[in-house]
1. Using the alpha carbon gyration tensor of segment 247-328, what are the three equivalent-ellipsoid semi-axes (square root of 5 times each eigenvalue), largest first, in whole Å?
2. Would you list which aspartates and glutamates come within 16 Å of Lys161, measuring only between C-alpha atoms, while excluding same-chain residues fewer than 8 positions from it?
3. Per DSSP H run of at least 4 residues, take -39500 (n - 2.57); add these up for the chain, divide by its residues and hand me the 222 nm value, nearest 500 deg cm²/dmol.
4. Taking every DSSP beta bridge that has both residues in the chain, what percent is antiparallel when rounded to the nearest 5?
5. Quick check for me: using +1 on Lys/Arg Cβ and -1 on Asp/Glu Cβ, what's the dipole size of the chain about its Cα centre, in debye to the nearest 20?
6. May I have the convex hull volume per residue, in Å³, for the Cα set of segment 179-249?
7. Summing +1 for each Lys or Arg and -1 for each Asp or Glu, what net charge is found among the other residues whose Cβ lies under 13 Å from the Cβ of Arg260?
8. If I take all pairs of Cα atoms in segment 37-191, what percentage of them are more than 18 Å from each other?
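Quick note: the coordinates plus some simple rules give every number you see, no bench work behind them. Values in this document were obtained by computation on a predicted structure and should not be read as measured data. Positions of Cβ are generated from backbone atoms using ideal geometry, with glycine treated the same way; all protein chains shown enter the neighbour counts.
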Amino acid sequence: MSHAATGGEPRAMRTAGVHHITALAGDPQANVDFYAGVLGLRLVKVTVNFDAPDIYHFYFGDETGKPGTAMTFFPSPGAPRGRVGGGQVGRATFAVPPGTLDFWSDRLAKFGVATAREHRFGETCLQFADPDGLPLELVARLEGPPSTWSFGGVPADKAIKGLGGAVLYSRAPEHTVDLLEHLLGLERETVSDDGRYVRLRARGHLGQVIDVCTQAVPAGASGAGTVHHIAWRAATQAEQEAWRRQVAAMGLDVTPAVDRKYFTSIYFRERGGILFEIATDGPGFTVDEPVEALGRELMLPPWLEPYRERVVANLQPFTVRVLEGDQT
Ligand code: ZN
């Protein structure tokens, strides 16, 4: 198709897959109880939204929050719910070890979370929603290194390994697929038997499977329980800059590289309406805390540190806790 999409340059750069997915949430404690308490992820970083420091930014991931494992949230108490729809990530997928889906459906039932099973491309997807209604699913996959983190009732051998990928609800699916293929270097694999999804695959072992809904989905509305953006992995800042030039050459508005402390980021909205970010793999979450202490303290970027007291005063306290259902 269109090598014009990359300005005729050879297709050299291929993302390893999803770097992180960021969503909007309501109550911070409910968010932590669900992602750490129920799903057993590690809260690897507690900071604030660098662009709106009166709101937390929580990063959940594996033990170190390595790229491809991070699900992140802007929790805002009392935030009105959004509507999942076109121009958004429709569902975030997590990868779990083979043979653990029954453990997970029992576990989710124990915590009152309703689940359903959908079959796509020969895989069983255990689907459910978080407390704000954000659509999620677990898929059992061999790929991806096993988790080394255990928390509450989730032992490491059953723990979420990281992101498996995502289902995208585009308002212009053909454009979105074209961009994933020709800008980000994903391989277009196949179309589902019912024609509802195109599956693309990135070269990494986590966050690598992207299913694009082939029907244009009616526009969603931003709010709690919806994804804000999806970030793709760049190995280096040089690679990120090369992508930035290519995005600009396609006629899309793209930001300059922004310092996010744990990575640098560029942002642009693709033609299907989904906000894309390209984020560097480094320096990572251990840049300001050692591995064993990740997520224990509120970390602020240097430019907000002078206002720490004022920032803290605006934030609702929370704790990472083992839930009652896991206490024996
Ligand atoms: Zn991001």
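1. Rounded to whole Å, the semi-axes are 32, 19, 15.
2. Reachable aspartates and glutamates: Asp62, Glu63, Glu137, Glu143.
3. -4000 deg cm²/dmol
4. DSSP beta bridges in the chain are roughly 70 percent antiparallel.
5. Magnitude of the dipole: close to 340 debye.
6. Considering the Cα atoms of segment 179-249, their hull volume per residue is 144 Å³.
7. -3
8. Summing the P(r) tail past 18 Å for segment 37-191 gives 64 percent.
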